Amino acid sequence: MLLIEFDCDLKYESNILKYRNTDADVWEYLYIDIETLSILLANFAIISTLRIPTNPICIDTPLTGKNIKIKYCGADVQLYCNNNSAFYLPIMEQNY
């Protein structure tokens with residue numbers, strides 16, 4: 001399973017996506033466009049949550065779910081997590 005982080009305010013040119021395997025300690029970085037990000041999330045994403053730096057991630061909040069509300073070039077956009085696979089909840093609740 002991968003943990004993926006990206007900014008909630010995406011730009012047209014390219015955006016930096018931060019990801020890592022749940023078993024690894026090192027984050028990797030990737031430049032990605034909005035179309036590729038949308039396909040990635042639609043096919044493989046399980047759940048989304050708003051990450052607040054330095055705070056623990058809490059899964060049971062209204063900010064957690066199947067849709068991701070972001071801004072793309074100033075416009076409100078929603079991306080959807082369509083994969084219904086099971087996942088280990090404590091992995092998401094750690095403070096990375």
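The values are calculated or read from the model by the stated rules, or taken from the named source; none is laboratory data. Nothing here was measured: the structure is a model prediction, and the numbers come from that model. Note that we place each Cβ from the backbone using ideal geometry, even for glycine, and neighbour counts take in every protein chain shown.
Considering the conditions (1) modelled with pLDDT of 85 or more; (2) under 16 Å from Asp7 (Cα atoms); (3) loosely packed, with under 15 Cβ neighbours inside 10 Å; (4) among the hydrophobic types (A, V, I, L, M, F, W, C), Leu50 is excluded by exactly one of them, (1). Scanning the range 9-24 for residues that are aliphatic (A, V, I, L, M) and not in a loop (DSSP other than H, G, I, E, B), we see that the one that is nearest to Leu40 (Cα to Cα) is Leu17.
Among the criteria (1) at pLDDT below 80; (2) in contact with a helix residue (DSSP H, G or I) (Cβ under 9 Å, 6 or more places away or on another chain); (3) surrounded by 13 or more Cβ atoms within 10 Å (Cβ to Cβ), the one Pro56 does not fulfil is (3). Could you count how many residues in the range 64-81 are surrounded by 13 or more Cβ atoms within 10 Å (Cβ to Cβ) and either part of a loop (DSSP other than H, G, I, E, B) or at pLDDT below 80 (or both)? Looking only at that region, the number is 4.
Inspect all residues belonging to the range 28-39 and state whether any of them is farther than 21 Å from Asn67 by Cα and either surrounded by 13 or more Cβ atoms within 10 Å (Cβ to Cβ) or under 10 Å from the mean Cα position of the chain (by Cα) (or both). Looking through the range 28-39, at least one residue is farther than 21 Å from Asn67 by Cα and either surrounded by 13 or more Cβ atoms within 10 Å (Cβ to Cβ) or under 10 Å from the mean Cα position of the chain (by Cα) (or both). Residues that are farther than 17 Å from Gln78 by Cα and of a type in the set (D, E, K, R) do not occur anywhere in the range 33-50. Residue count for the range 25-47, restricted to those that are out of contact with any strand residue (DSSP E or B) (no Cβ under 6 Å at 6 or more places or on another chain) and assigned to a loop (DSSP other than H, G, I, E, B): 6.
A count restricted to the range 4-15 and to residues that are in contact with a strand residue (DSSP E or B) (Cβ under 7 Å, 6 or more places away or on another chain) and closer than 19 Å to Lys69 by Cβ stands at 8.
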